[in-house]
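Below: the structure, in C-alpha cells.
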Amino acid sequence: MIRCIVIDDEKQSRNALISELDSYKDRIKIIAEADSVATAIEAINDFRPDLIFLDIHLGDGMGFNVLEKMTWHKCKVVFVTAYNEYAIKAFRFNAIDYILKPVSHEEISRVVERVVHIEPMEENILNKNFLANYKSSAPKRIAISNSDGVHLVELDEVVRCEADGNYTKIYTTKEEVILTSKTLKEYDTMLSDFNFERVHNSHLVNMRHIKKYLNKDSGYLQMTDGSQIPVSQRKKSYVLSILDKIV
C-alpha cells in the first residue's frame, strides 16, 4: 500500500484530487493533507509518506520550498500545476512527474502506474537535480531516465540526439549512447533554449559541438564526436545563418 499526502492550498483542488485517487484505494492510502509550506513540511517529516502530490503555488510559498526544507526524502513527488509552459518544460528537463489542473482520471492513472515502479532513491536523485537547476541561473544537467536508471548529464556533454522510432539515442562526449523512451520532439522542446537545433527530422544537435559544415548533397554537419549529421534541405539556409553568427 502506497502511503500518500496531498498538498494544495485550495481545499476544492485537494478534494478533487482525493476523489480521483479513490479509484486506487486498494493501492494508495491518503494519510494526511496539507495546505501550506509549513504544514506540508511538518506532515511529510511526521508521517514519512511514500508519495506526495505537491501543488506548485502554496499560500506561504512555493512547492519547491517544501522540497528544500523537508528532511524525509524517501518519497516520490508528483507536482500539481495549472498549465504553465515554463514549469512543464522544467519538469520534463529534470524527469520530474507532474499532473495538470483540473486533474483527470487519465493523468492520475499514468502517474500511479509510474510511481509504483520507480525507486525512492532514484526519485531523490531527480529531486536534487531539479532543485540544483531551479536555483541556478540556467540548468546545467539534464536528467535522463531509462531502463538502467537515471543518468545526470551535463548539457555541454550532450553532442547530439537521434530519433530511433519513438525512442531517442543521446550521444555524449564520454562516448556514451543513452537510449530513452522520450521522443526526439520532446527533447527538441526541452533543449531548444540551450543552443540545440533540430537540423533534420531525425537529428537534434548541440551547436557548440559542430566542427564544420560539409557542402555535399543537402549538407552535413561534422560533429566533435566524428559523426556526420545530415541537414535537411528545409533547414539548410537557417543552419548556415546560425553558423555564420557563431563564426
Answer residue from segment 164-201, given it is in a loop (DSSP other than H, G, I, E, B) and of a type in the set (D, E, K, R) and is farthest from Thr224 (Cα to Cα) among those:
Lys182
Counting only residues that are of a type in the set (Val, Ile, Thr) and out of contact with any Lys or Arg (no Cβ under 9 Å at 6 or more places or on another chain), which one in segment 1-48 is farthest from Tyr98 (Cα to Cα)?
Thr39
A careful count of residues in segment 24-40 that are over 10 Å from Ile7 (Cα atoms), under 25 Å from the mean Cα position of the chain (by Cα) and free of Cβ contacts under 8 Å to residues at least 40 places away in the same chain gives 0
Just wondering, is there one or more residues in segment 227-243 that are closer than 25 Å to Lys89 by Cβ, in a strand (DSSP E or B) and either touching a Gly at 6+ places or on another chain (Cβ under 7 Å) or among the basic types (Lys, Arg) (or both)?
no
Criterion (over 13 Å from Val158 (Cβ atoms), at pLDDT below 95, of a type in the set (Lys, Arg) and buried (at least 16 other Cβ atoms within 10 Å of the Cβ)) met by exactly one of Lys185, Lys235
Lys235
Here's a check for you: in segment 1-15, which residue that is out of contact with any Leu (no Cβ under 9 Å at 6 or more places or on another chain) and not in a helix (DSSP H, G or I) is surrounded by the fewest Cβ atoms within 10 Å (Cβ to Cβ)?
Met1
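The values are calculated or read from the model by the stated rules, or taken from the named source; none is laboratory data. If you're wondering where the values come from, they're calculated on a predicted model, not measured in any experiment. FYI the Cβ positions are ideal-geometry reconstructions off the backbone, even for glycines, and counts take in every protein chain you see.
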